[in-house]
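Taken together, the values in this text are just the output of simple stated rules run on the coordinates, not laboratory data. Not measured: the values here are computed from a predicted model. Glycine gets a Cβ as well: all are built from the backbone with ideal geometry, and neighbour counts include every protein chain shown.
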Amino acid sequence: MGSFSTALSGLNSASVDLSVISNDLANMNTISYKSNDANFQDLFYQQVGSSASGNPEQVGSGATVGSISSNFTEGTISSTGVPTDVAIDGQGFFVVNNDGEQEFTRAGNFSISSTGQLLSSNGGEVMGYPAVNGVVNSNQTVAPLVIPSGLTVPPKASSQFGLTVSLNSDGGTAVAAASQQTGTGITAATVLKTGSTLNFTDGTNSFTYTSAAGDTLNSVVTAINGNANFSASLAGNSLVITAKSGQAVNFSSNTLTDAATSTDAEAFAPSATPQQAGTFSTPVTVYDALGGTHVLTATFSKTASNTWNYTLTIPAADVGQSGNPVTVKSGTLTFNGDGQLTSPTGTVPVTINNLADGAASMSLNWNLSDANGNGLITQVSGPSSTYSTQTDGYSSGSLQNFSVDGNGVIQGVFSNGATLALGQLALASFTNVQGLIKTGSNSYLASLSSGQATIGAPNAGGLGSVTGGSLEQSNVDIATEFSNLILAQRDYQANAQTVTTLDQVSQYAINMIQNG
């Protein structure tokens, strides 16, 4: 009896549907998992006659699973804070080399091997565009990405520096020179020992800082700048503190040290006394070709209305001399009635020869304006002060940590404060994602149906962006799956009831024959 095969086809189809649903529920917490749907279609039909109007009378032969489609909508992106975790926001798949076979995945729960290779959760090499000297070329062929733990960056000599300074136009008392540390200091990226303290006063106002877990010198600067009576900045490894009152800064306690060895320290030199009206000094740190640090001091002296002389000096010992600081540049600054610098403009060349550490001579440009042409040195009524210093050099440093930006560029942060690109993640897209072959472990293979992968950089060519320190969660919706589970259960029960009914009908027929 053909009806049995019809009912059995329904049972088989419902059984597949239940398997798909149960697999979705089992993977509802699997990273980047995509839910699936079983799509039914009817089987062939047999014509058993025609109606009086000539319409065909057809009886179907059951149902089968026509396709199982994947739902590639994006799952929720959750922050993890783990640098090796990366989520794709939009279209694309990460490219992975697994024993010579190219695989694709949206699961960005990566790890780093003992040799520094970036690996997927199943041990495959994550592919991308390795950087050369901090420069990424996304037009090259993809290669395994490597983040070696012992990576060091050589020193870079400063080629330019800048000072954002406001000079006192009315000749009022200038703010005292900032307290400047001596010695090597603590690097900006170094984590401070928890509970380290820094206490200082200007004679009237005081400030106390106690380091919390994970704090660095940048945390100290932020805390001081949040106080109404003091300001702070970093000049290389030097913490520079200024009293806004114009008074000397005196330290009553300073136990700042590194968390790892408790050997690094910020040893502050005594703060200068308030300077004479119309004179202001501020330091800026530059680096030579060997990575040596040199603190240049810019001193401004008012000589007439809207006119200041300046001298740029370097410690005598830095250039193999003794005694007073050596002047490496001097000149005159002229301002207009609005307090804007009119002469000189652009840059001032500065050359430093005969460095005592044997480094090559330094050729620097002192930037007097920013990238938009706005002057960095102004003259207004009020105490003279330094808002920030800028320099492009650094000493040698080792890799401390890294992060991944929205374009997939892996940015390494080094102990000297430098940030360099280590590589860029690659993403792949397909003409038909439904044609991808699932291989388990959150991985896919390309097929004739999917088409070949088109590989490129994130945020380009229709590919999505990436989010570092985050993971894409499963897109399984438990409410939808439970609803589908109920429907599949009823489908299975209905077909099972059909089999039972057909069995009874068959038994009646057999009994009729036997009793006939």
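Okay, here's what the table says:
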| quantity | calculated |
| --- | --- |
| Reach of LYS329 by Cα under 19 Å, taken over lysines that are not fewer than 8 positions away in the same chain | LYS302 |
| Alpha-carbon gyration tensor eigenvalues x 5, square-rooted, for the chain, Å | 74, 23, 22 |
| Hits among aspartates and glutamates - C-alpha to C-alpha of LYS34 under 14 Å, sequence gap 8 or more where chains match | ASP24, GLU74, GLU472, ASP477, GLU481 |
| Rounded to whole Hz, the Karplus (6.51, -1.76, 1.60) HN-Hα couplings of segment 454-467, x for glycine and proline | 9, 9, x, 7, x, 6, 9, x, x, 7, x, 8, 10, 10 |
| Part-to-part distance (alpha-carbon centres) for segment 77-138 and segment 14-69, which is given in Å | 38 |
| Cα gyration tensor shape for segment 379-434, rounded if a/c is under 1.5, else prolate or oblate | oblate |
| Spatially proximal lysines relative to LYS244 (Cα-Cα < 17 Å; intrachain offsets below 8 disregarded) | none |
| Helix-only [θ]222 nm of the chain, DSSP H runs n ≥ 4, -39500 (n - 2.57) each, per residue, nearest 500 | -5000 deg cm²/dmol |
| Ascending count of other beta-carbon atoms within 10 Å, so fewest first, for MET28, MET512 | MET512, MET28 |
| Semi-axis lengths, Å, segment 99-176, gyration tensor of Cα atoms, sqrt of 5 times eigenvalues | 48, 15, 14 |
| Length-normalised contact order for the chain - Cα pairs under 8 Å, 6+ apart - percent | 22 |
| Against the rule of thumb 2.2 N^0.38 Å, how large the Cα Rg of segment 33-112 comes out | 2.05 |
| Using θ = phi - 60° and Karplus 6.51 cos²θ - 1.76 cosθ + 1.60, couplings along segment 101-110 (whole Hz; Gly, Pro as x) | 9, 7, 10, 9, 8, 9, 7, x, 7, 8 |
| Global size of segment 249-387 as Cα Rg and Dmax, reported in angstrom | 17.6, 54 |
